[in-house]
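Structure first, then comments.
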Amino acid sequence: MFILSQQNTIANHFLAELRNAEVQTDSMRFRRNMERLGEIFAYEISKTFTYEEFEVQTPLGLANINLNKTDPVLATILRAGLPLHQGLLNYFDKADSAFIAAYRKTQKNGNFTIKMEYFSTPDLDGRTLIIADPMLATGQSMVLCCKELMANYKIKDLHIVSAIASQVGVEHVKAHLPKAKLWLGDIDEEMTSKAYIVPGLGDAGDLAFGEKV
């Protein structure tokens, strides 16, 4: 498990602005900060890939350089995950993409279940999958989506990316997806009775794209 906030880097500034209630009023900046985190995660994840030496022709000769051999697929859960997905795609710019529609269906008593409507994906057999969702609260949505994909494809490696996670969500994912590699911006200890992370940052989808009805 990799946690960005455990290192003193510029990523902490992006995380701080994502959490800041005043800065959040600028939805374009919120999306850009989430995208920036995606770029940083892509850089860190790339360190785990396999590389091979290639010769590159320059105007003055040949240069040897190690290039990435891994061809990942980038997945996200709509709609909140789109800016984080875009950040990953900015760096893995030749990657294929997969999209998943899943949501919380809340009952009258306040309890909820996770509903997955569909997924659109390339062939994932033997591929490295990087799935992004800005908030890992209970972890139920992430586990449901990953297990559905794993039931249909033989995924080689699974990476899960989130800006903010709860401790409960992390433990749930680790229990049900033990081989997954977690890449997190920060971990918060608490959740509300409605399963929102505290202090968290609010509803990432609404902050990025406007309140839903």
- Lys47 meets each of (1) surrounded by 11 or more Cβ atoms within 10 Å (Cβ to Cβ); (2) without any contact (Cβ under 8 Å) to a residue 12 or more places away in the chain; (3) among the basic types (Lys, Arg) with one exception, condition (1)
- Note on the structure: Pairs returned, first residue in the range 156-176 that is touching a residue at least 60 places away in the same chain (Cβ under 8 Å), second residue that is assigned to a helix (DSSP H, G or I), beta-carbon separation under 6 angstrom, 6 or more apart or interchain, are His159/Ile45; Val161/Phe41; Ala163/Leu37
- Query: Pairs, please: C-beta under 7 Å, at least 6 apart or cross-chain, first residue over 23 Å from Ile155 (Cβ atoms) and in the range 59-81, second open to solvent by less than 20 Å² (accessible area, probe 1.4 Å)?
  - Reply: Arg79/Gly205
- Task: State which residue is farthest from Ile100 (Cα to Cα) when the search covers only the range 64-77 and only residues that are modelled with pLDDT under 95 and assigned to a loop (DSSP other than H, G, I, E, B).
- Result: Lys69
- Message: So, in the range 1-31, exactly how many residues are surrounded by 11 or more Cβ atoms within 10 Å (Cβ to Cβ) and of a type in the set (Asp, Glu)?
- Response: 2
- Which ones in the range 148-158 are open to solvent by 10 Å² or more (accessible area, probe 1.4 Å) and over 15 Å from the mean Cα position of the chain (by Cα)? Glu148, Met150, Ala151, Asn152, Tyr153, Lys154, Ile155, Lys156
- Filtering the range 159-201 down to residues that are open to solvent by less than 60 Å² (accessible area, probe 1.4 Å) and among the acidic types (Asp, Glu), which residue is nearest to the chain's Cα centre (by Cα)? Asp186
- Message: Which count do you get for residues in the range 117-147 that are open to solvent by 50 Å² or more (accessible area, probe 1.4 Å) and either in contact with a strand residue (DSSP E or B) (Cβ under 6 Å, 6 or more places away or on another chain) or of a type in the set (Val, Ile, Thr) (or both)?
- Response: 6
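The values are calculated or read from the model by the stated rules, or taken from the named source; none is laboratory data. For clarity, every value in this text was computed on a predicted model and none was experimentally measured. Every residue, glycine among them, receives a Cβ derived from its backbone with ideal geometry; neighbour counts consider all protein chains shown. Calculation scope for accessible area: heavy atoms of the full protein, side chains included, ligands and nucleic acids excluded. Shrake-Rupley method; radii C 1.70, N 1.55, O 1.52, S 1.80 Å.
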